[in-house]
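Note sheet for the following structure.
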């Protein structure tokens, strides 16, 4: 008589794990696509739009100040921990983003062409006023999108509490985020070049609506509704300041903060005027930009990020961080050469060289993306996931916002070559700080 075995039970358990892993992979991919998408709308698509209609470089540089809400988001991040659930925050914000992008779609054609038929609304007959309203909407979308980032990152940390699991899905996060980058840089920019800005912005609003609908139906609920006394102001302030106190009392916190602020500074200074550089300085068309920056460049970033995450998982962050960082920053000199020689994108050789340099640069930048994401997760404490990750992710772009905001002024004063050399110089301090920062070992994370 055959003895009973555990095979059916083990098979069922394996199937359950497979289903759970597939579910996690799905929501990680969809939420981080949703995180990258509005960021690219606010930070990239607006830059292409205003460059296309002839705004001067100094003002285009000021568009980098739209990144300020991402630098300040740690100020209201504790509210996401304190009120409601991360899932509810995420869904509410996605509905707001849909409405805001749709409003830009309705205004965009009137800001470009004064030859449109007169409207009964006085605002629409004044293109300059229309552009001002678009800027105001973009500012509002920047704050909403920054809060969206807080909710998604906190949701990720709440749903995956194991540091090993958090690291395991880092590649999915980066990949999905970069797919959103490809979508905006290639498809939406190509749509603007072929069928016009109205339909491009409308497609963006439709995409956000689809993400909202999918997340409303699919996202799990890893946490319960907050039941603490949210109406008690003293409790709120106590929670608020505790979040920052616990972050700022970590060992060697000053070195850690300087490293986080400066790690991507060189790359971000270089990126601050990337769209005007490609479209105006080199003379690329929007169609060329859509496949060079949108497809090739983003594929390079994805490959770099996946390689970096794989390397870190294999040898550990401590051993991988220095060579990855060095590779990330040396690429800036390729852009210095591109700005110096200015190949002609109208020729095959010229566009091939531009595409090759841009793709290589994005690949090298991707190496550093995974490094910084994994490092930031190791600085978070369990009870303040949203606040701690928001502090780190906000600080990492402070320098790029401040320097990038004046990138146009710098370009008008000294040119692109020296802007990129300045970017490399700004990257050197963070490479030196690597030898003293905490949290390079997984056991150091909380």
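The values are calculated or read from the model by the stated rules, or taken from the named source; none is laboratory data. Keep in mind the model is a prediction, meaning the values are calculated, not measured. As a convention, Cβ positions derive from the backbone with ideal geometry for all residues, glycine included, and neighbour counts pool all protein chains shown.
With respect to residue 78, determine if the residue is crowded, with 18+ Cβ neighbours inside 10 Å and at pLDDT 90 or above. Here the answer is no, as residue 78 does not meet what is asked. Within segment 335-350, the residues that satisfy the criterion of being surrounded by fewer than 17 Cβ atoms within 10 Å (Cβ to Cβ) and either out of contact with any helix residue (DSSP H, G or I) (no Cβ under 8 Å at 6 or more places or on another chain) or within 16 Å of residue 420 (Cα to Cα) (or both) are 337, 340, 341, 342, 346, 347, 348, 349. Against the condition in a helix (DSSP H, G or I) and either surrounded by fewer than 23 Cβ atoms within 10 Å (Cβ to Cβ) or more than 19 Å from the chain's Cα centre (by Cα) (or both), how does residue 389 come out, does it pass? Here the answer is no, as residue 389 does not meet what is asked.
Residues in segment 431-443 that are surrounded by 14 or more Cβ atoms within 10 Å (Cβ to Cβ), modelled with pLDDT under 90 and not in a loop (DSSP other than H, G, I, E, B): 442 alone.
Within segment 279-331, the set of residues being free of Cβ contacts under 8 Å to residues at least 12 places away in the same chain and within 20 Å of residue 169 (Cβ to Cβ) comprises 314, 315. Quick one: is residue 172 modelled with pLDDT under 85, in a helix (DSSP H, G or I) and under 15 Å from the mean Cα position of the chain (by Cα)? The answer is yes for residue 172.
Picking from 324, 330, 353, which residue would you name as being more than 13 Å from residue 277 (Cβ to Cβ) and in contact with a helix residue (DSSP H, G or I) (Cβ under 6 Å, 6 or more places away or on another chain)? Going through 324, 330, 353 in turn, the sole match is 324. Does at least one position in segment 396-409 carry a residue that is within 17 Å of residue 250 (Cβ to Cβ), touching a residue at least 60 places away in the same chain (Cβ under 8 Å) and either out of contact with any strand residue (DSSP E or B) (no Cβ under 9 Å at 6 or more places or on another chain) or in a loop (DSSP other than H, G, I, E, B) (or both)? Scanning segment 396-409, I find at least one residue that is within 17 Å of residue 250 (Cβ to Cβ), touching a residue at least 60 places away in the same chain (Cβ under 8 Å) and either out of contact with any strand residue (DSSP E or B) (no Cβ under 9 Å at 6 or more places or on another chain) or in a loop (DSSP other than H, G, I, E, B) (or both), so the answer is yes. Scanning segment 398-425 for residues that are crowded, with 22+ Cβ neighbours inside 10 Å and closer than 29 Å to residue 310 by Cα turns up 400, 423.
Of note, residue 43 does not satisfy the criterion of being out of contact with any helix residue (DSSP H, G or I) (no Cβ under 7 Å at 6 or more places or on another chain) and at pLDDT 85 or above.
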